[in-house]
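Report on the structure given below.
The values are calculated or read from the model by the stated rules, or taken from the named source; none is laboratory data. Values in this document were obtained by computation on a predicted structure and should not be read as measured data. Every residue, glycine as well, gets a Cβ built from its backbone with ideal geometry; the counts of neighbours run over all protein chains shown. All accessible areas refer to the heavy atoms of the entire protein, side chains included, with ligands and DNA or RNA removed. Shrake-Rupley method; radii C 1.70, N 1.55, O 1.52, S 1.80 Å.
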Amino acid sequence: MPNRSLRRAFPKASQYDPKWVRKHSMGENVLFNLESLTKSLHLKPGMRVLDLGCGKAISSIFLAREFGVTVWAVDEAVSASDNYERICAEGCEDKVFPLEMEARSLPFPEEYFDAVIVVDSYTYFGTDEKYLPYIARFIKPEGHIAIVDVCFTKEIESHDQVPEFLQEDYQNYWYFIHTIDWWRRLWEKTGLVEIEAAAELTEAGLVREQYIKDYQNSEEADAFAKALELDKDKFITFFKLIGRRTSKTAYLQSYK
């Protein structure tokens with residue numbers, strides 16, 4: 001049973017079996033981050049949502065259950081058949097449609113989605129300056145792209161600025177992590193979205209605390225949780241970035 005502070009911060013996510021969530025989260029508790037993000041969105045029943053980089057699709061199940069939206073659950077690393085099995089087990093097969101595909105090769109019509117939501121995976125492909133113009137083509141004018149992910153509180157400009165506790169794994173993972181301001185500038189300069197939120201998660205401390213606790217109680221090694229535990233100055237945190245699609249603007253026609 002989640003403690004009182006978790007139930008207060010995440011009233012929806014706390015209703016889900018924590019063992020089920022941990023088993024199907026590829027990293028920290030995906031539902032905590034997602035619920036924090038959705039507090040800044042206005043999702044309504046019937047909306048079409050792309051859950052990009054959905055992992056094992058529990059974020060998609062959450063969105064369908066809690067908001068009544070129809071979700072396309074896309075991930076290249078997890079079998080669509082495995083995700084469909086999970087989706088059916090939770091009674092969401094009429095609301096969640098799993099697809100196994102790469103984030104840069106999407107088959108959808110232009111201006112199809114009311115919202116694109118990306119939980120804990122945008123950093124793997126979204127640092128490319130061409131990616132927002134690519135994904136924006138699938139969002140309706142006035143629709144939203146909303147991400148929640150890990151960030152730094154200070155930008156690392158050169159290798160000698162890497163904190164000691166990150167040096168061992170820096171070239172495997174941390175080199176493409178940035179600050180909130182870095183992400184805001186990346187999106188703003190395209191002119192494709194109006195930034196509605198660019199901020200640290202209000203619940204970032206709870207997410208961190210719970211992830212470290214889960215790691216300490218697990219027999220599996222987790223480099224990210226270990227880094228959080230060693231990060232005494234809170235150099236690593238979690239952020240949300242939400243952009244509202246502006247009125248019709250020329251899309252980037254070629255994307256490589």
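Numbers for the structure displayed
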| item | result |
| --- | --- |
| Residue match in the stretch 106-122 (condition: outside any strand (DSSP E or B), polar (S, T, N, Q), under 16 Å from the mean Cα position of the chain (by Cα) and within 13 Å of Met26 (Cβ to Cβ)) | yes |
| Which numbered condition Ile139 fails, given (1) open to solvent by less than 40 Å² (accessible area, probe 1.4 Å); (2) closer than 24 Å to Ser247 by Cα; (3) out of contact with any strand residue (DSSP E or B) (no Cβ under 7 Å at 6 or more places or on another chain) | (3) |
| Subset of the stretch 4-40 [crowded, with 21+ Cβ neighbours inside 10 Å, part of a loop (DSSP other than H, G, I, E, B) and touching a strand residue (DSSP E or B) at 6+ places or on another chain (Cβ under 9 Å)] | Glu28 |
| Qualifying residues in the stretch 41-58 (those that are outside any loop (DSSP other than H, G, I, E, B) and more than 17 Å from Leu241 (Cα to Cα)) - the one most open to solvent (accessible area, probe 1.4 Å) | Arg48 |
| Matching residues in the stretch 69-114 - criterion: being over 11 Å from Ala57 (Cβ atoms), aromatic (Phe, Trp, Tyr) and surrounded by fewer than 20 Cβ atoms within 10 Å (Cβ to Cβ) | Phe108, Tyr112 |
| Residue match in the stretch 196-208 (condition: among the small types (Gly, Ala, Ser), without any contact (Cβ under 8 Å) to a residue 60 or more places away in the chain, surrounded by 14 or more Cβ atoms within 10 Å (Cβ to Cβ) and farther than 29 Å from Leu50 by Cβ) | yes |
| Count of residues meeting criterion [within 19 Å of Gly205 (Cα to Cα) and of a type in the set (Phe, Trp, Tyr)] in the stretch 24-72 | 1 |
| Cβ pairs under 7 Å, 6+ apart, first in the stretch 114-132 and closer than 20 Å to Glu188 by Cα, second among the acidic types (Asp, Glu) | Ile117/Asp51; Tyr122/Asp149; Thr123/Asp149 |
| The stretch 160-183 - residue that is exposed (fewer than 11 other Cβ atoms within 10 Å of the Cβ) and not in a loop (DSSP other than H, G, I, E, B) and, of those, farthest from the chain's Cα centre (by Cα) | Asp160 |
| Some residue of the stretch 79-86 being under 24 Å from Thr38 (Cα atoms) and within 13 Å of the chain's Cα centre (by Cα) | no |
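Here's the yes/no breakdown for (1) assigned to a loop (DSSP other than H, G, I, E, B); (2) at pLDDT 95 or above; (3) acidic (Asp, Glu):
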residue: Arg185; (1), (2), (3): no, yes, no
residue: Glu196; (1), (2), (3): no, yes, yes
residue: Gln210; (1), (2), (3): no, no, no
residue: Gly243; (1), (2), (3): no, yes, no
